[in-house]
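Heads up: the structure comes next, in structure tokens.
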Amino acid sequence: MGGSGAARLVPSGADTLAPARTPFGPADAPLRRWINAAGCEIWWLERHGESGAIAPHRVNYRANIWLMHSLGLDGLIGLNAVGGIDDASYPGRIVVPHQLIDYTWGRAHSFAGEAGFGRPHVDFTEPFDRRLRLHLLDLARATGIDCLDQGTYAAVQGPRLETAAEIDRLERDGATLVGMTGMPEAGLARETGLAYAMCALVVNRAAGRSRQPIHEEMARWLDAAVEAAGRLLDRTGASD
Ligand code: HPA
């Protein structure tokens, strides 16, 4: 599931499938499909739409996850741009978080009771799939990508960025990363039984944590983080 700035990871020869309808309306973009360097079939969906203009609180998470679930994939990797809260989550680094805290509100966040779906109380103790996380970490090690094992992702509503006091609160809560799209994406994936892990691309230090203006940091680090994620994606599925 592609995020901000990641559309350029789709190779020019990738197939394009017509936008799919789901019981929850249309997915936000056409599906793209290609075979990566490891010989693995990649299905790609741009959660912010083809133009990248769909704001985090307006993404049709249910349609997007329903579609990915219906493909019968082995796993789903979310590429999510984040702000780093702790010192270890510095810009340019990739983090594979193991936990999350959901602060979003007003988003259609569950399939329970819809489309014949009856899984209202899924176990979310470990929100990210352990096997997929370990696979990403192995790939990062094998490809020499600077990648941190573990982090706690705070999913915030956005689309504005946070105040410094809000980041202080998230830190007191135990969060090390902040982003806007990890939920309800991860929760919906769990409801469908689709293994989901996040590849968090740190593109800035969170509000109040740097002397540099946030947007300057983002502009400076996004490309490097996306490039590293692209190298991971290219090896995904490789057994090493
Ligand atoms: N806050 C919330 N979402 C983000 C940030 C941030 O600092 N950086 C990238 N996505």
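Assorted remarks:
- Filter result (surrounded by 14 or more Cβ atoms within 10 Å (Cβ to Cβ) and in a helix (DSSP H, G or I)) within the range 210-222: I214, E217, M218, R220, W221, L222
- Scanning the range 35-65 for residues that are in contact with a Leu (Cβ under 8 Å, 6 or more places away or on another chain) and in contact (Cβ under 8 Å) with a residue 60 or more places away in the chain returns N36, I42, Y61, R62, N64, I65.
- Count - residues of the range 150-173 that are away from the ligand (no atom under 16 Å from the Cβ) and within 17 Å of A225 (Cβ to Cβ): 0
- Counted residues, the range 206-217 - those being closer than 16 Å to G158 by Cα and either touching a strand residue (DSSP E or B) at 6+ places or on another chain (Cβ under 7 Å) or within 9 Å of the ligand (Cβ to nearest atom) (or both): 3
- Qualifying positions in the range 178-199 - touching a helix residue (DSSP H, G or I) at 6+ places or on another chain (Cβ under 8 Å) and within 15 Å of the ligand (Cβ to nearest atom): V178, M180, T181, E185, M198, C199
- Residues (touching a residue at least 60 places away in the same chain (Cβ under 8 Å) and either surrounded by fewer than 24 Cβ atoms within 10 Å (Cβ to Cβ) or part of a loop (DSSP other than H, G, I, E, B) (or both)) located in the range 171-182: E171, D173, G174, A175, T176, M180, T181
- Odd one out for T125, checked against (1) more than 28 Å from T163 (Cα to Cα); (2) of a type in the set (S, T, Y); (3) surrounded by 15 or more Cβ atoms within 10 Å (Cβ to Cβ): (3)
- A single member of A197, A115, A207, A140 is in contact with a Phe, Trp or Tyr (Cβ under 8 Å, 6 or more places away or on another chain) and surrounded by 15 or more Cβ atoms within 10 Å (Cβ to Cβ), and it is A197.
Read-outs: derived from the displayed coordinates by stated rules, not from any lab. Everything numeric here is computed off the predicted structure, so don't read it as measured data. Counting neighbours? That spans all protein chains shown, and the Cβs are built from the backbone with ideal geometry, glycine included.
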